[in-house]
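What follows is a short report on a single structure.
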Amino acid sequence: MHVEFTITRTDLRRFLVLLAIAGMALITLAGCSDDAGDEEQDRTLGGYTRLVAQQPSKTMNYSPTRNTANFWIETWSKPGKLSYVYLQNGDGDLLGYYVFKGLPVPYCVSLTPPEQVSGTSDAGVVRKAPAVDGVYYGQGDCSRYYGIDATTNSYVEYTAGLGINVLLYDQPLPNRPNVKPLGHTRIDKDGKPVGD
């Protein structure tokens with residue numbers, strides 16, 4: 001019995017492509033040999049799997065963290081809510097206070113995304129985006145804060161860090177008559193904010 005095979009160029013191309021794919025698969029498998037790093041990773045993952053089976057994580061019926069986060073939202077989502085910002089030195093002495101409408105905001109906060117993506121999907125290029133004032137900024141300075149003075153609506157800015165701690169409250173601290181106002185608003189003897 002005589003069998004004859006005819007190989008066309010298309011068949012030859014397919015065969016070479018399959019041969020190349022098989023070669024790459026062998027190279028990949030050879031590169032995935034169990035070296036010391038893989039053994040350590042397998043041991044770590046195996047230990048984790050065993051410990052999870054022996055000591056599964058518990059779940060909660062109540063989350064105090066979520067409750068506190070919701071309290072923060074309820075506290076600060078009220079328009080016109082005042083914040084009382086006390087600056088404290090490293091020795092614990094209060095240097096003074098500000099009274100703001102709403103929360104003080106760090107310079108590193110932006111209303112617009114700091115980057116823009118040109119292109120589509122994974123091939124996109126990430127570039128710095130211009131800010132709302134039409135200029136480009138570097139990294140924001142999160143140690144500088146600004147706010148709206150409670151009685152004058154004036155702009156107030158301060159810096160935290162370098163030995164200055166910030167204590168933020170939604171009510172004035174009681175029994176602190178000697179702490180001086182740093183902005184235009186002071187707290188009177190009844191705990192009410194009043195302007196200069």
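The values are calculated or read from the model by the stated rules, or taken from the named source; none is laboratory data. All values reported here derive from a predicted model rather than from experimental measurement. Every residue, glycine among them, receives a Cβ derived from its backbone with ideal geometry; neighbour counts consider all protein chains shown. The area values use the complete protein model at the heavy-atom level, side chains included, leaving out ligands, DNA and RNA. Shrake-Rupley method; radii C 1.70, N 1.55, O 1.52, S 1.80 Å.
Observations, loosely collected:
- Residues within the stretch 154-171 that are part of a loop (DSSP other than H, G, I, E, B) and either at pLDDT 95 or above or open to solvent by 70 Å² or more (accessible area, probe 1.4 Å) (or both), tallied: 4
- Among residues of the stretch 112-129, those that are surrounded by 13 or more Cβ atoms within 10 Å (Cβ to Cβ) and assigned to a loop (DSSP other than H, G, I, E, B), counted: 2
- Positions within the stretch 125-137 being within 21 Å of the chain's Cα centre (by Cα) and of a type outside the set (Gly, Ala, Ser), in sequence order: Val126, Arg127, Lys128, Pro130, Val132, Tyr136, Tyr137
- Flag for Gly134 being exposed (fewer than 10 other Cβ atoms within 10 Å of the Cβ) and touching a residue at least 24 places away in the same chain (Cβ under 8 Å): no
- Residue match in the stretch 138-147 (condition: under 23 Å from the mean Cα position of the chain (by Cα), without any contact (Cβ under 8 Å) to a residue 12 or more places away in the chain, more than 25 Å from Val194 (Cα to Cα) and not in a strand (DSSP E or B)): yes
- Every condition in (1) in contact with a Leu (Cβ under 7 Å, 6 or more places away or on another chain); (2) open to solvent by less than 80 Å² (accessible area, probe 1.4 Å) is met by Cys142 except one, and the failing one is (1).
- A single entry from Pro104, Pro79, Pro56 fulfils the requirement of being open to solvent by less than 90 Å² (accessible area, probe 1.4 Å), free of Cβ contacts under 8 Å to residues at least 12 places away in the same chain and either in a loop (DSSP other than H, G, I, E, B) or under 30 Å from Asp141 (Cα atoms) (or both): Pro56.
- Single match in Thr44, Thr49, Thr65, Thr151 (criterion: more than 22 Å from Gly183 (Cα to Cα), open to solvent by less than 100 Å² (accessible area, probe 1.4 Å) and either in a strand (DSSP E or B) or at pLDDT 85 or above (or both)): Thr49
- Screening the stretch 174-185 for residues that are open to solvent by 40 Å² or more (accessible area, probe 1.4 Å) and touching a residue at least 24 places away in the same chain (Cβ under 8 Å) and picking the one that is farthest from Gly96 (Cα to Cα) gives His184.
- Applying the criterion of being in contact (Cβ under 8 Å) with a residue 24 or more places away in the chain and out of contact with any Pro (no Cβ under 7 Å at 6 or more places or on another chain) to the residues of the stretch 148-162, the residue that is farthest from Lys101 (Cα to Cα) is Ala160.
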